[in-house]
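Here the structure is laid out as C-alpha cells; the discussion comes afterwards.
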Amino acid sequence: MNILVCVKQVPDTTEIKIDPVKNTLIRDGVPAIVNTFDAYALEAAARIKDKNPNTHIVVVSMGPQNAINALKECLAIAADKAYLVSGRKFGGSDTLATSYILENAMRKIEELEGCKFDAVFCGKQAIDGDTAQVGPELAEHLGYPQITCALECEEKDGRFEVIKEGEELNMLIGIQAPCVITFTKPGFDPRYPSIKRKMAANRAEVPILDESAFPDIDLTRIGLSGSPTAVKKTFVPQQMQDGMIIDEGTARTSTVKLAQILSDKKVI
Amino acid sequence: MDFRLNEDQLALQKMVREFTDKEVRPIAAHMDETGEFDEELWKKMAELGLFGILAPEEYGGSGLDHVSLCVVMEEIVRGSGNMYNWLVTSNGPNTGAILLYGTEEQKKKYVPKTASGEFRCAYAITEPDNGSDTRSMKTIAVREGDHFVINGTKTFITMATLADRILTTCKYVENGEDKGYVTLIVDRDCPGLIIGKDEHKMGLRGTSLNTVFYENCIVPAENVLGEVGKGMEPATACLSEVRVSCGAFAVGLAQEAIDLATAYAKEREQFGKKISQFQNTQFVLAECQTKVDAARLMTWRAASELDLGNGDRLYGSMAKYYSGEICNDVVRKCLQVFGGYGYCTEYPIERIYRDAKIAEIFDGTAEIQKVIISKAIGIR
C-alpha cells in the first residue's frame, strides 16, 4: 500500500495579528506550521500504516525552500519519505496551477520511488487560502475518483472505506484505489512525533524537485501566467454594527415589520 | 567552548515546549488539586518517547544524552513540576542501574517496557529512620533457596501507588550476619509487598509519595540487580544522573516563575504605571534571571560530564545544590511580584512556590550535596 500525502506549510493563523492601520494581516515573524487539515490527512495515513506496517507513506509539498521544515515535521510524525517541489517558475500559482504541478510531481515521485500510489490524501483546505480546491482539482487531473471531507479512512483489500462528514449525518462510502481523499477534522487529535523520529527527521535528506525535474510540464499552465485566478487583497472585514432580531411571532408579521424599518431608513 | 544547544537539542526543546503548552499546562492545576493520575497524558508522553530518553535504541529508547534529558526536563516541568517524578522514575535508576548492573535478561525484560511507558516504576532506598543516612537502613533481605525474603519499611517512595515494580535496596543478612547490601527488582505482584498511604504533601501533589511495607516479601533470586552484598553500587550508580535531573527541575520551575512574573509585571499597574517600569521590579527579575542562567549552565555542565563518561559526583552535586537553592529564592521573589495574587491558588506561581521546596531536599538534601562537594575539594 502506497499513499501520497500532500501537505502545505502555512502561517500559524492563531499567531497572526491585524495591522490596525491597514486592516491587513501581519505575516512577518509568524511561525510556520504544517497545515492543520494536512496533519489530519497524514494521521489518516499513519493509522492505515498502524494496521498494515507495509504501508509506504510519502509526503510532498509545493512551496519555498523553507517548506522543508514542514516536510521534516511530517517525517517525524509518520512519513517514510518526503519531497519538496520548489522552483521559481512555480511561484504565484493558484489552485489550478498548483494541482497541475502536483499531478506532475506525483508521477515523478512514482518514478523515483518505483511505486504506484494507491491513494492521495490531502487536507480539506489550507488554513491560509481556505479554497478547498487543490484536492478535488488534483483528482480531476489524475482522473481518479475522490471523496472530500473525510473523517476517517480504512483500507480493506485494496479499497478504502471512508467516513465522510455530513451536515447532519455522516456517510460510510467505499472507494476503489487509486483515489483522492481529502480530510477534515476527525474526532481524535493527530499523533505527536516521537523523539526518535524527530532526531531522524532532522538528519533526513529531502529531495527538491524544481522545474528541471519536469521537462514535459506545460509552462503555460504553471506560475502566475498559468493561473486564471489571483488573490488581489487579504483583509479583515469591517465589523458589522450590532444586528437586530425581528420576531413578531410569524414570518408574515416579521416581514411587514422588516419592510417598515427598511422603508423608514430609506433602504427600500 | 560552545555553550549553545546543538540542532537536535534545539528541535527537542521546541517539541517538548509545544507539547507542554498544549498537553501539560492545561491539566496542571487539576492534577495539583486532585492528585489524579492522568492516564491519557502518560500515554501521550510515552508516544513521544519521554520515558526512554537515555535508554539505548536497542532497548526501545531514544538513545539520547544527558544534556538532552536536562532540556526535556526543564521544558516539561514548566508545565507541571509533577512531570519530574514521571520522568525520573523511568529515566533514572530504573533504566540506568539496570543497564549498568543488570543481566541481559533483566535488561530485555525491564528496559523496553519502561522506555515505552508500559511499566511504571519506583525506587526505594529511604526509610522512616534513615533518610540521608542510607547506609544505616533497617530493611533486611535474606536468601532462602531460590528467592529472597524482605522485611522492613521504606518511606517517601515516589509513585509507588502506580508502580509495576520497585527497585529496592536492603541490608543483606546471611546466617544472621550483616553482609552488605542487596538491590532487588521487586515486581508489584511479589507476595508481601504492601503499598501504604500516600503522604499529603506541600507540593508535587499530582504524584503519590508512599510508605511501602515489605512483610515477608518474596522476591525471586533472579531479580537481584548486580552482586549480592554490593547492593549499594546500583543504588548509588545513578545518583549523579538523578541530581542533574534535579538541577533541571529546579531551573525549569525557576524559569517559569520568572516568565510568569515578567508577564504579570507588564500588565499590572500601580501608581499610574506598569509595575515592570519600576526599577525595583526590573532589578529583582534581572537578578533572578542571572541566577537561573548560572544554574542552567551548571546543570548542563554536569550533564555534559556524564556524557563524557565522567562519573565524578562533584558536578552533579554542585548543580543540584545551587539550582535547588536559587530556585527557591527566585520563586519566592517572583511570587512577591504578584503581591496578594501570588498567594491565591488561581495563579500558577502559588503552586510553583509549593513545588519548589522539594528541590532542596529530594534525591539527596542540599546538606548531603555540601558533604559531597566538601569531600571532593578536600575539606575534611
Quiz item: If each residue's Cβ is checked for other Cβ atoms within 10 Å, how do B:Tyr347, B:Tyr353 rank with the fewest at the top?
Solution: B:Tyr347, B:Tyr353
Practice problem: Per DSSP H run of n ≥ 4, the term is -39500 (n - 2.57); total these for chain A, divide by its residue number, and report the mean residue ellipticity at 222 nm rounded to 500 deg cm²/dmol. | Solution: -9000 deg cm²/dmol
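Nearest 500 deg cm²/dmol is fine: what mean residue ellipticity at 222 nm does chain B get from its DSSP H runs of n ≥ 4 alone, each adding -39,500 (n - 2.57), divided by its residue count? If you can, show how the numbers build up before the last one.
Values: 13 runs with 186 residues, N = 380.
One gets -16000 deg cm²/dmol as the mean residue ellipticity at 222 nm.
Could you give the length gained by full extension between A:Asp210 and A:Val21, i.e. 0.36 nm per residue of separation minus their alpha carbon distance, to one decimal place?
Numbers: separation 189, 0.36 × 189 = 68.04 nm, distance 3.86 nm.
Taking 0.36 nm per residue and subtracting the Cα distance, the gain is 64.2 nm.
Averaged over B:18-24, how many beta carbons belonging to a partner chain fall within 10 Å of each residue's beta carbon?
Working: counts 2, 2, 0, 0, 2, 2, 0.
For this peptide, the per-residue mean of nearby foreign Cβ atoms is 1.
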Quiz prompt | Computed label-point distance, nm, for sites B:Ala294 and B:Met202 using a 7 Å Cα→Cβ extension | solution = 2.3 nm
Quiz item: Mind checking which aspartates and glutamates have their C-alpha under 18 Å from B:Lys14, skipping anything on the same chain fewer than 8 residues away?
Solution: A:Asp12, A:Glu15, A:Glu73, B:Glu23, B:Glu47, B:Asp65, B:Glu74, B:Glu75, B:Glu256, B:Asp259
Exercise. Based on alpha-carbon positions alone, could you give the equivalent ellipsoid semi-axes of the protein assembly as shown from the gyration tensor, as √(5λ), descending, whole Å?
Key: 53, 33, 25
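Which of the peptides B:2-14, B:159-171, A:50-62 is most tightly packed, and how do the rest follow, judged by the mean count of other Cβ atoms within 10 Å per residue? Don't skip to the end; give the middle numbers.
Numbers: B:2-14: 14.2, B:159-171: 24.0, A:50-62: 17.8.
Listed from highest to lowest mean packing, they are B:159-171, A:50-62, B:2-14.
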Quiz item: How many nm is it between the label spots at B:Ile377 and B:Leu5, if each spot is 7 Å from the Cα in line with the beta carbon?
Solution: 3.0 nm
Practice problem: List the equivalent ellipsoid semi-axes of segment A:151-268 in whole Å, largest first, each obtained as the square root of 5λ for an eigenvalue λ of the Cα gyration tensor. | Solution: 48, 28, 20
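Which length gain, in nm to one decimal place, applies between A:Glu140 and A:Leu112 when the Cα-Cα distance is subtracted from 0.36 nm times their residue separation?
Working it through step by step, the gained length comes to 7.8 nm.
What's the ranking of A:117-127, A:230-240, B:83-93 by average number of surrounding C-beta atoms within 10 Å, highest first? Each step should come with its number before you reach the end.
Working: A:117-127: 24.0, A:230-240: 8.1, B:83-93: 26.1.
Averaged packing, sorted descending, gives the order B:83-93, A:117-127, A:230-240.
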Self-check item: Listed residues A:Val85, A:Val256, A:Val21, most fluctuating in chain A (Gaussian network, C-alpha, under 10 Å)
Solution: A:Val256
Quiz prompt | Under 17 Å from the B:Thr34 label point (7 Å along Cα→beta-carbon), backbone N, segment B:206-231 | solution = B:206-208
Quiz item: Tell me, how many Å apart are the Cα centres for segment B:1-58 and for segment B:266-344?
Solution: 21 Å
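Past 21 Å, Cα to Cα: identify those pairs from A:Lys156/B:Lys44; A:Lys124/A:Lys164; A:Lys89/A:Lys124, in the order given. Walk me through the intermediate numbers first.
Working: A:Lys156/B:Lys44 28 Å; A:Lys124/A:Lys164 12 Å; A:Lys89/A:Lys124 26 Å.
Pairs exceeding the cut-off: A:Lys156/B:Lys44; A:Lys89/A:Lys124.
Hey, got the average number of other protein chain Cβ atoms within 10 angstrom for residues in B:48-55? Each step should come with its number before you reach the end.
Working: counts 8, 8, 2, 0, 3, 1, 0, 0.
Partner-chain Cβ atoms within 10 Å, mean over residues of B:48-55: 3.
Per-residue mean of other chain beta-carbon atoms within 10 angstrom of the beta-carbon, peptide B:192-204?
Details: counts 0, 0, 0, 0, 0, 0, 0, 0, 0, 0, 0, 0, 0.
Across the residues of B:192-204, the mean count of other-chain Cβ atoms within 10 Å is 0.
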Self-check item: Simple label model, 7 Å out from Cα along Cβ direction - A:Asp247 to B:Glu18, nm
Solution: 4.4 nm
Quiz item: To the nearest 0.05, how large is the calculated FRET efficiency for B:Ala286 and A:Val236 if R₀ is 35 Å and r is the Cβ-Cβ distance?
Solution: 0.35
Quiz item: Excluding same-chain residues fewer than 8 positions from A:Lys232, which lysines have a Cα within less than 17 Å of its Cα?
Solution: A:Lys22
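Here, each number is a calculation from the coordinates, and none is a lab measurement. Worth saying up front: this structure is predicted, and the values here are computed from it rather than measured. Every residue, glycine among them, receives a Cβ derived from its backbone with ideal geometry; neighbour counts consider all protein chains shown.
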